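First comes the structure, then the notes that go with it.
The values are calculated or read from the model by the stated rules, or taken from the named source; none is laboratory data. Since this is a predicted model, take the numbers as computed values, not measurements. Here Cβ is always computed from backbone atoms with ideal geometry, including for glycine, and neighbour counts include all displayed protein chains.
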């Protein structure tokens with residue numbers, strides 16, 4: 001049944017639970033089939049105490065393969081063991097398909113595989129091997145309904161709490177297989193509440209583990225994808241960083257060049273000097289190398305050339321190179337003065 005068919009159909013809660021249980025059973029079968037046989041036997045959960053009814057109705061109890069001198073207490077979980085004389089066991093091949101599909105195939109073919117009619121028997125299927133070609137060998141266990149019901153009824157009458165009904169298929173090795181108890185409970189109209197509870201909690205735990213695994217896996221994949229993306233972009237980033245360093249170096253070099261050019265530009269120097277010098281000052285010779293200003297000329301008798309140059313804000317440290325003696329005119333005197341360009345100033 002597909003999800004769409006399930007949503008469109010009218011099913012009760014029990015049918016939904018049964019469907020979920022079959023799905024969970026299939027998942028457990030597939031996971032357990034991947035484990036080695038020794039691991040499956042070690043991880044398989046089962047009762048610690050087993051009980052078998054003798055030919056005269058006497059119950060025998062075993063624990064870890066050793067007989068118990070006393071019967072266990074009431075309501076003790078035990079496993080019922082049917083004798084090999086009560087169970088028909090046959091081996092049959094099966095195609096390579098999931099365990100749940102193998103069981104459904106056996107259910108459809110049980111009337112051919114059983115000497116008794118299906119309404120008179122309980123059966124269970126156990127996959128014992130996976131062939132090299134992908135096929136499977138399957139053990140089919142068949143027990144009469146009357147025999148299974150009688151054993152279960154007598155066990156409950158003694159106050160025992162059966163959780164498994166297995167069959168002894170080899171008296172020499174005490175090998176026990178199958179579990180007919182679910183069929184017995186279903187035929188009696190009872191629900192194995194303990195098993196249903198275990199399935200529910202098992203489903204919750206499995207979903208929690210799967211969710212955690214998916215979240216951790218997604219985080220690992222995301223981090224790895226981001227790391228790969230960063231590693232892939234690293235050459236581009238290195239090239240961009242190198243280009244940025246070259247651009248910043250070129251910008252600093254050009255800025256320094258422009259600053260030096262502005263500081264040593266003759267037209268700016270002449271403009272500052274023209275605004276600074278008084279009107280009664282004449283320049284006969286001007287020398288400018290971008291850093292040092294040298295002026296030779298005549299000035300008025302009351303004019304202070306050094307103060308005028310210092311006050312322009314573009315020059316500093318004005319100083320006379322020669323003594324300024326009297327000239328031929330009483331109102332004009334020669335001067336020979338030099339000054340340095342002010343750092344960061346505007347000539």
Subset tally (residues that are modelled with pLDDT of 80 or more, out of contact with any strand residue (DSSP E or B) (no Cβ under 9 Å at 6 or more places or on another chain) and exposed (fewer than 12 other Cβ atoms within 10 Å of the Cβ)) for the range 154-207: 5
Candidate set: the range 96-117, residues that are modelled with pLDDT of 85 or more and exposed (fewer than 13 other Cβ atoms within 10 Å of the Cβ); chosen: the one nearest to residue 23 (Cα to Cα): 107
So residue 270, is it surrounded by 12 or more Cβ atoms within 10 Å (Cβ to Cβ) and modelled with pLDDT of 85 or more: no
Pairs with Cβ under 8 Å, 6+ apart, first in the range 62-84 and outside the structural domain of residue 165 (by TED's automatic domain parsing), second surrounded by 10 or more Cβ atoms within 10 Å (Cβ to Cβ): none
So residue 93, is it surrounded by 13 or more Cβ atoms within 10 Å (Cβ to Cβ) and within 45 Å of the chain's Cα centre (by Cα): no
Unique match (being at pLDDT 85 or above and surrounded by 13 or more Cβ atoms within 10 Å (Cβ to Cβ)) among 20, 51, 71, 33: 51
Candidate set from the range 284-303 (those that are exposed (fewer than 15 other Cβ atoms within 10 Å of the Cβ) and at pLDDT 85 or above); member that is nearest to residue 333 (Cα to Cα): 284
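For every residue, the table says whether it meets (1) part of a strand (DSSP E or B); (2) touching a helix residue (DSSP H, G or I) at 6+ places or on another chain (Cβ under 9 Å).
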position: 258; (1), (2): no, no
position: 261; (1), (2): no, no
position: 267; (1), (2): no, no
position: 270; (1), (2): no, no
position: 275; (1), (2): no, no
position: 278; (1), (2): no, yes
position: 283; (1), (2): yes, yes
position: 286; (1), (2): yes, yes
position: 294; (1), (2): yes, no
